[in-house]
Structures are given as C-alpha cells and as structure tokens.
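Participant: Following this message is one structure expressed as structure tokens.
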Amino acid sequence: MTNKKYTFQPATGKLGILTPGMGAVATTFIAGVIAARKGVAKPIGSLTQMGRIRIGKRTDGKNPLIKDYLSLASLEQIEFGGWDIFPDSAYEAAVKAGVLSNEHLASVKEELHAVKPMKAVFSEKYIKNITGPNVKTGTLWEKAEALREDIRKFKTEKKCERLVMVWCGSTEAFCKPSQVHTTMEAFEAGLKANSEDIAPSQVYAYAALKEKVPFANGAPNLTVDIPAFIKYATENGVPIGGRDFKTGQTLMKTIVAPGLKSRVLGINGWFSTNILGNRDGAVLDDPANFKTKEESKLGVLDTVLQPDQYPDLYANLYHKVNIEYYPPRGDNKEGWDNIDIFGWMGYPMQIKINFLCRDSILAAPIVLDLAIFSDLAQRSGMKGIQEWMSFYYKAPMAKEGLYPEHDLFIQSMKLKNTLRTLKGDAEITHTGLDYYEDKA
Ligand SMILES: NC(=O)c1ccc[n+]([C@@H]2O[C@H](COP(=O)([O-])OP(=O)(O)OC[C@H]3O[C@@H](n4cnc5c(N)ncnc54)[C@H](O)[C@@H]3O)[C@@H](O)[C@H]2O)c1
C-alpha cells in the first residue's frame, strides 16, 4: 500500500549549514563531517549517515540506509558558515574546545581554518559569563538586517542552492514570551525600538525566517518557539524546530523512563547531577542561564510518565536536576543518576547510572541530522514546527494543544514513519498480528 501525499525536490546543488555559535559543538560537527568525507572517521551517531529504515514486512527483507532511501544532501554537498563573538577560525576554536585529538584536528586543519566566523549579534544581558570582540554594532533592527545580508552573501559566495541554520550558541538567560513575541509586526517594532525583551538568538531566527532558511534550536533558550515566528514559519513554508539537543543525561532518561513505565514500575525519586568544564558549563554557572537549562531538563519525566494517569506509580516522584561547572573535566561530562523505583507490592529498588560521556561527540551528529532533515522538510513543502524531529530535542516543540512527545522510542517511530510517508510507503505499526492471522 502506498499513500503518496508529498513530493520532494531532489537534493541537488550545495547545502549551506549556518551555525550561530562556533564553539565545541559546532566545530566538532564541522570537523567530523570533513573527516568523514576524507575517510578519516565515521559519522557515528548520525541517523542520516548510518541509520537504516525497514520498508514493508519483516519478511520483505528491505532495510535500506536512510540516505539511500530518500534524496538527502550528501556530506560532499555541504558548505559551513557561522557567527561567533570570538574571531577564532573553526580550527582555533576546535583546538580551544579540546574535544578532538591532535591527530584528528591535524587531518582537517586546512578546511577548518577556512571557516571563519562572521560578526555576531550579542547581548551581555542574555549571557554574562563570556564577552568577545567579534560583534555587530547598531540597533537591533540594523543587526537583523546585517544578519540577513550575511546569509545572502554566504549563499552567493559559496554557491549554495539552499541553506539551513542550527543554533549552536551558548545558552541564553531564561526569559518568557512577552508582547514583542506575539506577532511579526510586534517583533519588528521591538527590533526598531531596541527592545530588551529580544534575545540575540531570536534575531538570528528572525533573519533566517525572513530569508526562508529553516531554523533548528540546539539550546534551551526561547528562540524560534514564539507565536510570531511559529505563525510566520507556517505561513511562509519554513520548517522550524527546537529546543535543546538531546544528549547525555536526558538521552539516558528518555531511554530508561519509558522502559520502566512500560513495565508499570513505580518511581518516587530521580536525582540527576553532572559535572562539566567546557565553555557551555561556564555559561551555565550563571543561575539565570542554568534556569533555562533546568526548565528544559525537568519537563522530560512528567510527559513520559504521565503522573496524572498513573498516580499510584508517579504522583510522588521527586525530580531534581543539577549541573556543576568543574573545569578539569573540560568537555568530558560525567553524569550520575540515582533512581528510586518500586515494584510488586511496593518494594523499593535503586538504579544508579554513571555516564562518562562526551558532550560534543553526542551533539555533533544531531546538528548534522537536524540540518539534513530540515532541508528535506523544506524540499517536501513541510512548514512550521517539525514535530517528527522531536527525537533530537530535550524539550521538543509541538503544536499548541499537543503535549510534546519525549519517549525516545515513540520519537524514533514517529521520525521513521514520517520518512516512509514522505516516500509514499506504508507506515509500520508493529501490531504483531500481521504474520499470525491470515486476513486473506
Ligand atoms: N554539547 C551538548 O551535549 C549539548 C547538548 C544540548 C545543548 N547544547 C547547547 O549547545 C550550545 C553549544 O554548546 P557548546 O558546548 O558548543 O558551547 P560553547 O560554549 O563551546 O560554544 C558556544 C559558542 O557560542 C558563542 N556565542 C554565544 N552567544 C553567541 C551569539 N549571540 N552569537 C554567536 N555566537 C555566540 C560563544 O562564543 C561560543 O563560542 C549550548 O547552548 C549548549 O547548551 C549542547
């Protein structure tokens, strides 16, 4: 059975991936793509590069690589660009980030050197713990216009057919939507009036949308998820998504919690703490910036466990999240989870998870997949919130009135079924009856 509803343009020409923020995550992403092109390393963790998708019945034996199944931009077609408050090239920034070995860096040095950050839109009101010289001046409106000009110039100079933007900048201070975020007119008036309520990341998102460039938000700050942008993106055919790359502890949480819930085991406490010492950790050391991260991390368990529907199991769950800035560890984060669970007749048990992860190594393939899939979405005429990419986010955006889906396995099924639908193949339901009940 096929249900061909979408048609998409083939991925011809070059795809430019623009990252506001060229720190640990962005440079690890760029270095990895170049290393993969050269055959120096494999793009492990990237579904678009290494994942497969089953088509038809299990007995059909059809399991192509996703990149062979749909027309996706290939690694060879990608051009890199970005902005940062520090003028360091991607090579210098990668060396400072300390994520990759000297050997890997040496293998991609020349290409990384060629990627130089454009001048950033920055505000110390939103990020206090860092300051840099590579910034634009003028009113917010002038800065937004300058960003739009950067985007157009990059596209022309690099001869790109299409662009996508993935926010890889530091986490901004917590803020709630206000009047300037309600409509595009209000936002533009806010830009002209230099409104304090407009965060730099929102200026990038604005510039991207106006240039019809899909925007994905890898940080937890309020950025593209404001009413003005959601409406504009939907009306103007621009895919958007966010927020906060799902790596490390939250990834583990959305793997373990759905498993415990599916076996209807109770949980009354989940304590998560971790230490990290990179620049991201330094920014998160400010309570206002940590609050943004905390909000994004805390939402996960509630939606996976649905305590309102399972009060005996989850209504008394105490969920605590903590991040400590600890420079000696650099990008090599260590996370501890203590989970207090209970089973048959209420008997308590404990689970301890100690994850010695590498933040940027987990985030880099997400940047790549979000860029490639956002481009596919745009070529397919999909617009506005791309819920099918929830798989990659800690706090996924969803249409008003829908709760976000956090369960990694539901997210994975959603993503793959969307790809099947785009291609015109039947969705896979995993009912389990098809092979045993002769419906003929
Ligand atoms: N690494 C992970 O596992 C992970 C997971 C989820 C989310 N994130 C988020 O991704 C983002 C990047 O993480 P990172 O480890 O690369 O951090 P980083 O500090 O190494 O890099 C961020 C870069 O953004 C730059 N920057 C800040 N404000 C900017 C602006 N307005 N315009 C342009 N550049 C700006 C900084 O100068 C810095 O170089 C952070 O917000 C982080 O919270 C990372």
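Taken together, the values in this text are just the output of simple stated rules run on the coordinates, not laboratory data. Given the structure is predicted, the values throughout are model-derived calculations rather than measurements. When we count neighbours, we look across all protein chains shown, and the Cβ atoms used for this are built from the backbone with ideal geometry, even at glycine.
Participant: May I ask which of Lys136/Lys383; Lys192/Lys253; Lys38/Lys416 have a Cα-Cα span longer than 32 Å here? Don't skip to the end; give the middle numbers.
Facilitator: Working: Lys136/Lys383 30 Å; Lys192/Lys253 42 Å; Lys38/Lys416 29 Å.
Checking Cα-Cα distances, Lys192/Lys253 exceed 32 Å.
Participant: Once each part is reduced to its C-alpha centroid, what is the distance from the range 97-149 to the range 11-61 in angstrom?
Facilitator: If we compute the Cα centre of each part, the gap is 22 Å.
Participant: Shape call for the chain from the C-alpha gyration tensor, a ≥ b ≥ c root eigenvalues: rounded (a/c under 1.5), prolate (a/b greater than b/c) or oblate? Intermediate results must be reported in sequence, preceding the final value.
Facilitator: Working: a/c = 1.44, a/b = 1.19, b/c = 1.21.
It is rounded, given that a/c, with a ≥ b ≥ c, falls under 1.5.
Participant: For Glu76 and Leu402, what is the calculated FRET efficiency with R₀ set at 41 Å and r taken between the beta-carbons, to the nearest 0.05?
Facilitator: Working: r = 37 Å, r/R0 = 0.91.
So, using R0 = 41 Å, E works out to roughly 0.65.
Participant: Note down, for the range 22-123, the three equivalent ellipsoid semi-axes (square root of 5 times each alpha carbon gyration tensor eigenvalue), biggest first, whole angstrom. Don't skip to the end; give the middle numbers.
Facilitator: Details: eigenvalues 214, 46, 25 Å².
Listed largest to smallest, the semi-axes of the range 22-123 are 33, 15, 11 Å.
Participant: Let me ask another. Based on the alpha carbons, how large is the Rg to Rh ratio for the range 376-432 when Rh follows Kirkwood?
Facilitator: Ratio of gyration radius to Kirkwood radius: 0.97.
Participant: Quick check: net charge around Gly81, other residues with Cβ under 10 Å of its Cβ, Lys/Arg +1 and Asp/Glu -1? Could the numbers behind the result be given before it?
Facilitator: On the way: positive: Lys116, Lys153, Lys155, Lys158; negative: Glu79, Asp150, Glu157.
Within the 10 Å Cβ shell, the charges total +1.
Participant: Also: All other residues with a Cβ under 13 Å from the Cβ of Leu317 taken together, and with Lys, Arg as +1 and Asp, Glu as -1, what is their net charge? Don't skip to the answer; put the middle values down first.
Facilitator: On the way: positive: Lys253, Lys261, Lys320; negative: Asp302, Asp308, Asp312, Asp340.
Local net charge: -1.
Participant: Could you work out the local net charge near Arg37, counting Lys and Arg as +1, Asp and Glu as -1, over the other residues with Cβ closer than 10 Å to its Cβ? Can you show the working numbers first?
Facilitator: Working: positive: Lys38; negative: Glu76, Glu111.
That sum, taken over residues with Cβ under 10 Å, equals -1.
Participant: Want the number for Ile353 to Glu295: 0.36 nm per residue separation, take away the alpha-carbon distance, what's left? Don't skip to the end; give the middle numbers.
Facilitator: Working: separation 58, 0.36 × 58 = 20.88 nm, distance 2.16 nm.
Net length gain for the segment: 18.7 nm.
Participant: Which residues' amide hydrogens lie under 5 Å from the amide hydrogen of Phe245, considering only partners 5 or more residues apart or on another chain, with H built in the peptide plane?
Facilitator: Residues meeting the criterion, in which the H sits 1.01 Å from N, are Ala219, Lys394.
Participant: Which whole-number percentage describes the relative contact order of the chain, with Cα contacts under 8 Å and a sequence gap of 6 or more?
Facilitator: Values: 908 pairs, mean separation 94.2, N = 440.
Taking the mean separation of contacting Cα pairs over the length of the chain, I get 21 percent.
Participant: Also, quick follow-up: What size of dipole, in debye to the nearest 20, comes out for the chain about its Cα centre when the only charges are +1 on Lys and Arg C-beta atoms and -1 on Asp and Glu C-beta atoms? Numbers along the way, then the final one.
Facilitator: Numbers: 55 positive and 51 negative charges, 222 e Å.
Taking the Cα centre of the chain as origin, the dipole is about 1060 debye.
Participant: Where Rh is the Kirkwood radius over the Cα pairs of the range 96-157, the temperature 25 °C and the viscosity 0.890 mPa s, what D in µm²/s does Stokes-Einstein return?
Facilitator: Details: Rh = 14.4 Å.
Estimated via Stokes-Einstein, D reaches 171 µm²/s.
Participant: What Kirkwood radius, in Å to one decimal, follows from the Cα pairs of the range 7-55?
Facilitator: Details: mean 1/r = 0.0765 Å⁻¹.
For the range 7-55, the Kirkwood estimate is 13.1 Å.
Participant: Where is the GNM fluctuation largest for the chain (alpha-carbon springs, 10 angstrom cutoff): Gly384, Gly21, Gly98?
Facilitator: Gly98
Participant: Tell me the mean residue ellipticity at 222 nm calculated for the chain from its helices only (DSSP H runs of n ≥ 4, each -39500 (n - 2.57), averaged over every residue, nearest 500).
Facilitator: Working: 16 runs with 170 residues, N = 440.
Taken over the chain, the calculation gives -11500 deg cm²/dmol.
Participant: Continuing with the same structure: For the chain, set up a Gaussian network in which alpha carbons nearer than 10 Å are linked by springs, and say which option among Ser272, Ser107, Ser201 fluctuates the most.
Facilitator: Ser107
Participant: Rounded to the nearest 20 Debye, what is the dipole magnitude of the range 99-208 about its Cα centre when Lys and Arg each give +1 and Asp and Glu each give -1 at the C-beta?
Facilitator: On the way: 16 positive and 15 negative charges, 35 e Å.
Taking the Cα centre of the range 99-208 as origin, the dipole is about 160 debye.
Participant: At a Cα cut-off below 15 Å, give the aspartates and glutamates reachable from Lys62, other chains included and same-chain residues fewer than 8 away excluded.
Facilitator: Asp425, Glu427
Participant: Mind checking the range 353-431 for GluC sites (Glu not before Pro) that DSSP puts in a loop (not H, G, I, E or B) and that have at most 15 other Cβ atoms within 10 Å? Write out the running numbers ahead of the final one.
Facilitator: Values: sites: Glu387, Glu400, Glu405, Glu427; in loops: Glu400, Glu405, Glu427.
For GluC sites (Glu not before Pro) across the range 353-431 that sit outside H, G, I, E and B with at most 15 neighbouring Cβ atoms in 10 Å, the list reads Glu400, Glu427.
Participant: Anything over 19 Å Cα to Cα? Flag those among Lys119/Lys293; Lys246/Lys333; Lys57/Lys261; Lys153/Lys212; Lys159/Lys423; Lys67/Lys414, in the order listed. Before the final figure, lay out each step's value.
Facilitator: Values: Lys119/Lys293 26 Å; Lys246/Lys333 14 Å; Lys57/Lys261 28 Å; Lys153/Lys212 15 Å; Lys159/Lys423 28 Å; Lys67/Lys414 17 Å.
Too far apart for the 19 Å limit: Lys119/Lys293; Lys57/Lys261; Lys159/Lys423.
Participant: I need the Debye-formula profile for the range 160-239: one equal scatterer per C-alpha, no solvent, reported as log10 I(q)/I(0) at q = 0.14, 0.21 1/Å, two decimals.
Facilitator: The computed values of log10 I(q)/I(0) come out as -0.41, -0.93.
Participant: Turning to a different aspect of this structure: Please report Rg over Rh for the range 184-224, where both radii come from the alpha carbon positions and Rh follows the Kirkwood definition.
Facilitator: Numbers: Rg = 10.3 Å, Rh = 10.7 Å.
Ratio of gyration radius to Kirkwood radius for the range 184-224: 0.96.
Participant: Same structure, new question: Expressed in nm to one decimal, what extension gain is obtained for the pair Asp308 and Leu265 from 0.36 nm per residue of sequence separation less their Cα-Cα distance?
Facilitator: Working: separation 43, 0.36 × 43 = 15.48 nm, distance 1.53 nm.
Here the answer is 13.9 nm.
Participant: Where a ≥ b ≥ c are the square roots of the eigenvalues of the C-alpha gyration tensor, would you call the range 268-405 rounded, which needs a/c under 1.5, or, failing that, prolate if a/b is larger than b/c, or oblate? Could you put the intermediate results ahead of the total?
Facilitator: Values: a/c = 2.08, a/b = 1.17, b/c = 1.78.
In terms of gyration-tensor shape, oblate.
Participant: With only alpha-carbon atoms counted, please give the Rg and Dmax of the range 189-345, in Å.
Facilitator: 18.8, 63
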